[in-house]
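Just so it is clear, none of the values below were taken in a lab; they were calculated from the coordinates. Note that the coordinates shown come from a computational prediction; the quantities given were computed from them, not determined experimentally. Note: ideal-geometry Cβ built from the backbone for every residue, glycine included; neighbour counts use all protein chains shown.
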Amino acid sequence: MSEEHKRRVHYSGKYPRKFEEKYKEQNPEKYADTIEHVIGKGSTPAGMHISIMVREILDALDIKKGERGLDCTLGYGGHTSAMLEKLEGEGHIVGLDVDPIESAKTVERLRNKGFGEEIFTMKLINFAEIDKVAEEFGKFDFILADLGVSSMQIDNPERGFSYKTDGPLDLRLDPTRGVSAAERLKELDYDELRGMFEENSDEPYAHEIANAILKRRKNGQPIERTTDLKNTVEEALKFLPEKERKEEVKKSCARVFQALRIDINREFEVLYELLDKLPGVLNPGGRVAILTFHSGEDRLVKKSFKTFKKEGLYDYITEDVIRPSAEECVRNPRAKSTKLRVAVRSND
């Protein structure tokens, strides 16, 4: 018996608005014209991720035929694909990710491009464990770590990464492990909430937002969905003058979601481990490039690179961050906050 035909979701208006309605954007191979149109407007197609600073990364890593590389954050696979092409069919790249949902799609995408197991291997493992990866595959000639959250995760309401769409407040990169953001908010006290917002995202209204969360809890109103948290931030910022409130609420929502995401996924802790282990998994002369998306991450990378250069483990580090071009920021607005830092392992 043939499989029952499923009708596509119908939407009102000229263009689809909801994630599940954007079936063309989620089929880039079939609807290339739609993808180009969406990107041309400065947007990211639903279910897709536009890799940032590809040219600058390839220049920095100077990948040569036959080398061995590591992509610490596989994501949509755009950076990995570009690096694999540089190998010209010889060498090997290992791609790491903790998201079992998106990484499976990415592996299939790369296999369809002709990158077989002999040249590309995917490991479902956190990049904090790169020492274990190096034990299995040997040390690396080049390493990339893109610390941003992929657009596929941000745009899917079911993952709960964005305040812009309603969905369960989850925020886990690996939804099969740990507790969701909704569960986390039930257990933190005032000092922990305020500290998280201040330390993870420099939130200026951390005091007010922490109090608003506790007030909801006291009134028996759990924060279980993205809109619940957004409404709580709006409530906390009601004291601001009306003419500036809307913009401040948007900024605070972005920062609060960022702070929670960092906490839930232990992003600073695993970054500390990655940075600490990097020199030990690089071959002499090996290059590492790290893309960061907020000041907290960049400070950690900068400090680590400087410390290891002083100790003689790195021969070279970028003194100033490399930023995306103005043209790229127009084409992909999500690139605007990106900073790239590079280091080269010493030959000793």
*asked:* Net charge around VAL301, counting only other residues with Cβ within less than 11 Å of its Cβ (Lys, Arg = +1; Asp, Glu = -1)?
replied: +4
*Which value in Å is the Kirkwood Rh of the range 210-326 over different Cα pairs?*
17.6 Å
_Modelled FRET efficiency - R0 45 Å, LYS65 with LYS164, Cβ distances, 0.05 increments_ = 0.55
*Stokes-Einstein D in µm²/s, Kirkwood radius over Cα pairs - the range 275-348 at 10 °C with 1.306 mPa s viscosity*: 122 µm²/s
*asked:* Step by step: find N for the range 170-275, compute 2.2 N^0.38 Å, then divide the Cα radius of gyration by it. What's the final number?
replied: 1.07
*Can you pull the Rg over Rh of the range 61-141, Cα-only, Kirkwood?*
0.93
*Would you kindly calculate the mean projected area, averaged across all directions, of the convex hull enclosing the Cα atoms of the range 95-202, in square nanometres?*
9.1 nm²
_Packing rank of 336-346, 82-92, where each peptide gets the mean count of other beta carbons within 10 Å, highest leading_ = 336-346, 82-92
*Taking the mean number of other Cβ atoms within 10 Å as a proxy for protection, how do you rank 319-331, 180-192, 53-65 from highest to lowest?*
53-65, 180-192, 319-331
_Cβ charges +1 (Lys, Arg) and -1 (Asp, Glu), total dipole of the range 149-281, debye_ = 420 debye
*Anything over 26 Å Cα to Cα? Flag those among LYS123/LYS303; LYS246/LYS303; LYS164/LYS303; LYS64/LYS277; LYS64/LYS336; LYS86/LYS303, in the order listed.*
LYS123/LYS303; LYS246/LYS303; LYS164/LYS303; LYS64/LYS336; LYS86/LYS303
_In sequence order, calculated HN-Hα J values of the range 87-97 (Karplus, 6.51, -1.76, 1.60; Hz; x Gly/Pro)_ = 6, 6, x, 10, x, 6, 10, 9, x, 10, 6
_Net charge of neighbours whose Cβ lies under 9 Å from the Cβ of LEU96, counting Lys and Arg as +1 and Asp and Glu as -1_ = -2
*For the range 157-205, what does the equivalent ellipsoid look like in terms of its semi-axes, each the square root of 5 times an eigenvalue of the Cα gyration tensor, given largest first in whole Å?*
21, 14, 10
